[in-house]
Amino acid sequence: MANVISAPQFDAELLARYDTTGPRYTSYPTAPQFSDVFDERSLRAAIASSNEEPIPSALSIYVHVPFCLSPCFYCGCNRVITRDVGKADTYLGYLRREFERVAPLFDPDREVHQLHFGGGTPNFLDLPRMRKLLGSLRRHFNMSTHAEREFGIELDPRHADAEYVRGLAEAGMNRLSLGIQDFDPRVQQAVNRVQNIERVEEIMRGARACGFRSISVDLIYGLPYQNVDTFTRTLEQVILLNPDRIAAYSYAHLPQMFKAQRQLEAAALPDAATKLALFGRTLEMLTSAGYVYIGMDHFARADNELAFAQRAGTLQRNFQGYSTHRDCDIVGLGVSSISSIGPVYSQNTRDLKTYYNMIDGGRLPVVRGMELDEDDQIRRELINMLMCHGKIDKIRFAHRHRLLFDAYFSDDLERLEMLARDGLVEIDTRKIKVTERGWLLVRHVAMCFDRYLHQSGNQARFSRVI
Ligand code: SF4
């Protein structure tokens, strides 16, 4: 089958028609299905049984650092705004205690191939604190030293420089992701995140000089005062910076859910047509500049490992978006983090005080999660294949899961028929294939197979597709 992924078709009328709410499928089932009936016993049991697999999976660790120095008004993350670095020391103490409790549950031979620091602002931690944190991870987990390891960190460029990234490289980090969002001064002021391009250049130069293997930047479209002309300038500047990957996220304005967003000037937000045009310009400029469209909001240089993984059919989707590492069990550490161990999702408390109390009480800070039943696991695999590769070989899939494809998915296929009539997918006896016209709407294709979404009222909890 030809690869549709690198050549998605932008059809504004079609995209506008399908611009409803829907999940991003960084997991299936999605987080709203997690339940508080799940507790640490279920997580411990899942880890024990993952150790018993004939070849236990490697590990991917996510560490959440919740602190930020100031609020960005578009933010929907779980974070604590503070200038008190002492708070970080308290948190690091509790994180170490969580490592001590979680690490011995895993077979010590299981290597950590992936590490990701997210937030909040991970570089709220200065270099000595970051080194200490990495040292502590190394003492407790079997951290890979292989060149292929992917050890990454999200950086706020306002609080980092070349020296900081050199220190990170010396401590074993080799990937970074920079939050840019937009270089336009008026937009930056409106979202309370003022930063200059010179600092971003300095960090990127420094990271390249000390061997960082992949540098990614984040942009957001749909912010106040953005228009196609201003965003074109930002895109030109980003292209000149030549990052290996670019994520261009659609801003989801949900002020009823995220307090910070109430400070945005709602009247200055671009309307739906402008937002679509912003996305269209992003797609056009990045693909003309040699970036491959990976899927959803992600672009990568053709020589980047993400583009290789897409071509090789090994691309994965997890809580951080698209990823190259197959079959890792994900260990989430810190407040609000999510683990994915075999057929289980487990989430830590989002509240800092509860996190500390649970650790003090000798517990793992798990408050919710989910054990996937057989149907969940089947659909998870199918949705992952659609989101990453845009196609399903029905015969092979049915054979692997010992089911009759058309009978098992009869309701789902009925929903999919409507998308087929609009030219988003092709369905025949052997395969389902997302078309070039449908690739930008692949979430809609996946949504047809989401058992929970079609239970009443569930769709309203998600952001808009564009
Ligand atoms: S966008 Fe990032 S830096 Fe800004 S407040 Fe949110 S988590 Fe902090």
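Odds and ends about this structure:
- Residue-wise HN-Hα couplings along segment 18-29, as the Karplus relation 6.51 cos²θ - 1.76 cosθ + 1.60 with θ = phi - 60° gives them from phi, are 9, 7, 10, 7, x, x, 8, 6, 7, 8, 9, x Hz; Gly and Pro carry x.
- Local electrostatic count, LEU235, Cβ distance below 12 Å [Lys/Arg +1, Asp/Glu -1]: -3
- Extents of segment 325-466, taken as max minus min of Cα coordinates on every principal axis and listed largest first, are 57, 34, 30 Å.
- Once both labels are positioned 7 Å from their Cα atoms along Cα-to-Cβ, the gap between LYS259 and GLU236 label points is 4.1 nm.
- When the Cα positions of SER42, PRO185, VAL228 are compared along the charge dipole of segment 30-333, PRO185 comes out farthest toward the positive end, with charges on each C-beta of Lys, Arg, Asp and Glu.
- Computed over segment 163-203, the percent of Cα pairs more than 13 Å apart is 59.
- Average projection, convex hull of the Cα set of segment 39-112: 6.7 square nanometres.
- Net charge of neighbours whose Cβ lies under 11 Å from the Cβ of ALA209, counting Lys and Arg as +1 and Asp and Glu as -1: +2
- Farthest toward the positive end of the dipole of the chain, out of ALA248, ILE427, ASN174, is the Cα of ASN174, where the dipole comes from beta carbon charges about the Cα centre.
- In a reduced charge model with +1 at each Lys and Arg Cβ and -1 at each Asp and Glu Cβ, segment 30-333 shows a dipole moment near 460 debye about its Cα centre.
- Here each label is just a point 7 Å from Cα along the line to Cβ, and for LEU404 and VAL37 those points are 3.1 nm apart.
- Residue-by-residue Karplus 3J(HN,Hα) for segment 404-417, coefficients 6.51, -1.76, 1.60, Hz, glycine and proline x: 9, 3, 5, 6, 4, 9, 4, 5, 5, 5, 5, 5, 5, 4
- Longest DSSP-loop-exposure-free segment, GluC sites (Glu not before Pro), the chain, at most 11 other Cβ within 10 Å: 266-466
- Calculated FRET efficiency, ARG311 to GLU163, Cβ-Cβ distance, R0 = 35 Å: about 0.45 to the nearest 0.05.
- Rh (Kirkwood; distinct C-alpha pairs) - segment 84-211, Å: 16.0 Å
- Trypsin sites (Lys or Arg not before Pro) within segment 357-412: DSSP coil, no more than 15 neighbouring Cβ in 10 Å: ARG363, ARG402
- Computed Kirkwood radius, in angstrom, where 1/r is averaged over Cα pairs of segment 1-135: 19.0 Å
- Charged side chains reduced to their Cβ positions (Lys and Arg at +1, Asp and Glu at -1) give segment 107-197 a dipole of some 260 debye around its Cα centre.
- Phi-derived couplings, Karplus 6.51 cos²θ - 1.76 cosθ + 1.60 at θ = phi - 60°, listed residue by residue for segment 323-334: 8, 9, 7, 7, 6, 8, 7, 9, 10, x, 10, x Hz, with x used for Gly and Pro.
- Proximal charge balance of GLY119 [Cβ under 12 Å; K/R count +1, D/E count -1]: -1
- Alpha-carbon radius of gyration plus Dmax, which is the widest Cα pair, for segment 360-409 in Å: 16.3, 52
- Between the listed residues THR90, THR30, SER70, the Cα displaced farthest toward the positive end of the dipole of segment 24-98, a dipole computed from Cβ unit charges relative to the Cα centre, is found at SER70.
- Efficiency of FRET between SER288 and ARG138 - r from beta-carbon atoms, R0 41 angstrom, step 0.05: 0.40
- Close amide-amide hydrogen proximity is noted between PHE151 and LEU115, ASN174, ARG175, each under 5 Å apart and 5 or more residues distant or on a separate chain (H modeled in the peptide plane; Pro and chain starts excluded).
- Each residue, ARG17 and ARG326, gets one label point 7 Å from its Cα in the Cβ direction; the gap between the two is 3.8 nm.
- Residues ARG350 and GLU52, FRET efficiency given R0 of 30 Å [Cβ-Cβ distance, rounded to 0.05]: 0.45
- Hull shadow area, averaged, segment 1-80 [alpha-carbon convex hull, nm²]: 11.0 nm²
- Relative contact order, percent, the chain [alpha-carbon distance under 8 Å, six or more residues apart]: 23 percent
- Segment 133-201-segment 274-338 distance, computed between alpha-carbon centres (Å): 18 Å
- Debye equation applied to the C-alpha atoms of segment 30-333, log10 I(q)/I(0) at 0.11, 0.15, 0.16 Å⁻¹: -0.72, -1.34, -1.49
- Share, in percent, of DSSP beta bridges within the chain that are antiparallel, nearest 5: 45 percent
Only the coordinates and a few stated rules stand behind these numbers; no lab work does. Because the structure is predicted, anything quoted here is derived from the model rather than measured. Every residue, glycine as well, gets a Cβ built from its backbone with ideal geometry; the counts of neighbours run over all protein chains shown.
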